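Peer 1: A single structure is presented below for examination.
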Amino acid sequence: KKSIIMDCDPGHDDAIALILACSCDKLDVKAVTTVGGNQTVQKTTNNALRILQYIGKEIPVAVGADQPMSRDLIIAPSVHGDSGLDGPELPQPTRKPLAIPAVQLMAEVVEKSEDKVTLVATGPLTNIAVFLLAYPRLKSRIDRISLMGGAAIGGNWAPAAEFNILVDPEAADIVFKSGIPITMAGLDVTHKARFYPEDIQEIKNQGGKVARMVGELLEFFIKFHNSLGWDFAPMHDPCAVAWLVAPEIFESKHLNVTIDTCGEFTTGCTVTDFIGVSGRKPNTDVLLGIHRKKLVNMVIDAVNKYD
Ligand code: BDR
Ligand code: CA
């Protein structure tokens with residue numbers, strides 16, 4: 001089993017990534033840490049706790065950064081609603097997060113673990129960057145960082161920047177320069193990880209309570225994308241989990257990725273050297289394609305494990 005820490009800002013697709021990770025026999029989710037992103041960290045923490053309670057997992061949760069390293073927080077209520085997880089009825093959590101900060105929980109998990117730990121990041125990279133700065137001696141104990149963020153080409157929150165990286169480019173810069181192997185599930189692949197209305201229906205048809213809740217998350221999430229003229233919901237964050245267990249359903253290239261932290265129009269861009277012209281060493285497995293129906297089937301298998 002691969003030991004992982006889920007660092008997230010739930011978020012509809014973060015919630016589905018968490019449900020996928022917690023259902024998977026090949027993964028051992030040791031901790032969940034939260035970050036401000038899709039909503040404030042208070043709300044993303046509450047959402048992580050609500051999801052874990054709903055699926056019956058007592059995994060430790062710790063609160064992370066409430067703002068980026070050196071910028072104001074950007075949130076995304078237009079995509080995820082006022083709660084950050086609008087749609088399904090999810091009871092309030094009976095459990096509280098731990099009293100220690102996210103980076104301390106990360107350190108404790110990494111220190112205690114016999115094997116190296118994989119970090120899965122599906123929000124802005126603030127916590128991971130702070131962890132690397134605060135605990136440099138633990139860097140060698142991190143196997144890999146599998147993250148949703150960036151785009152080799154294009155953006156979503158800005159013409160050349162994806163939301164998670166745009167929110168905290170300074171943190172992303174630290175992470176991509178860390179020397180730790182990185183898997184980047186950026187928009188290149190996540191915009192191909194399409195969940196159509198018939199896929200959502202198929203998930204709901206599984207019939208269990210987790211299937212229904214995931215269906216309701218997707219029904220809310222697809223609405224924003226419908227307003228863009230898209231007939232599908234892109235399943236961003238689950239890609240960062242799915243790659244760990246089924247890399248064969250993805251296409252990828254090992255390339256250099258550098259973060260632009262101060263471009264006039266390109267701040268937050270994950271500058272990806274496809275042609276080897278920069279002379280910089282490849283540091284990232286950049287995901288570029290996916291067998292999308294296999295991801296749908298992974299989510300179907302996941303929801304069926306809970307009921
Ligand atoms: C990313 O931003 C958030 O809205 C999603 O949860 C995902 O992590 C996509 O750009
Ligand atoms: Ca996210």
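Peer 1: Once the dipole of the range 1-112 is set up with Lys and Arg at +1 and Asp and Glu at -1 on Cβ about the Cα centre, which of 11, 104, 68 lies farthest towards its positive end?
Peer 2: Of the listed residues, the answer is 104.
Peer 1: Ordered by packing density, taken as the mean number of other Cβ atoms within 10 Å over each peptide's residues, highest first, how do 10-20, 198-208 rank?
Peer 2: Result, highest mean Cβ count within 10 Å first: 10-20, 198-208.
Peer 1: Next up: Of 169, 130, 140, which is farthest on the positive side of the dipole of the chain, counting Cα position, with +1 on Lys and Arg Cβ, -1 on Asp and Glu Cβ, and the Cα centre as origin?
Peer 2: Value: 140.
Peer 1: While we're looking at this one, here's another question. With N set to the residue count of the chain, report its C-alpha Rg divided by 2.2 N^0.38 Å to two decimal places.
Peer 2: Details: Rg = 17.6 Å, N = 307, 2.2 N^0.38 = 19.4 Å.
Output field value: 0.91.
Peer 1: Another question, then. For residue 177 and residue 96, FRET efficiency with R0 = 30 Å and r from the beta-carbon atoms, rounded to 0.05?
Peer 2: Calculated transfer efficiency: 0.30.
Peer 1: Within straight cross-link reach of residue 294, meaning Cα distance under 24 Å, which lysines are found once same-chain residues fewer than 8 apart are removed?
Peer 2: Filter leaves 1, 2, 26, 192, 204, 209, 223, 253, 305.
Peer 1: With +1 on each Lys and Arg Cβ and -1 on each Asp and Glu Cβ, and nothing else charged, work out how big the dipole of the chain is about its Cα centre, in Debye to the nearest 20.
Peer 2: Details: 30 positive and 37 negative charges, 146 e Å.
My answer is approximately 700 debye.
Peer 1: For the range 122-195, state the average projected area of the convex hull of the C-alpha atoms over all orientations, rounded to one decimal in nm².
Peer 2: Over all viewing directions, the range 122-195 projects a mean Cα-hull area of 5.0 nm².
Peer 1: Another question, then. Per Stokes-Einstein, at 20 °C and 1.002 mPa s, what whole-number D in µm² s⁻¹ belongs to the range 113-164, with the Kirkwood radius over Cα pairs as the hydrodynamic radius?
Peer 2: This corresponds to a translational diffusion coefficient of 172 µm²/s.
Peer 1: Have a look at the range 219-306 and give its Rg and Dmax from the Cα atoms, expressed in angstrom.
Peer 2: My reading of the Cα-based Rg and Dmax gives 16.6, 48 Å.
Peer 1: Here's a follow-up. Which whole-number value in Å³ per residue fits the convex hull of the alpha carbons of the range 151-307?
Peer 2: 119
Peer 1: Of the beta bridges DSSP finds with both residues in the chain, what % are antiparallel, to the nearest 5?
Peer 2: 35
Peer 1: How about residue 177: which aspartates and glutamates have a C-alpha closer than 20 Å to its C-alpha, ignoring those fewer than 8 places off in the same chain?
Peer 2: Cross-link targets: 7, 143, 162, 168, 260, 273, 285.
Peer 1: Then there is this: Where does the Debye-calculated log10 I(q)/I(0) of the range 1-147 sit at q = 0.08, 0.19 Å⁻¹, using only Cα point scatterers of equal weight, no solvent?
Peer 2: -0.19, -1.11
Just so you know, all these numbers are worked out from the coordinates, no wet-lab data involved. The structure displayed is predicted, hence computed values, not measured ones. As a convention, Cβ positions derive from the backbone with ideal geometry for all residues, glycine included, and neighbour counts pool all protein chains shown.
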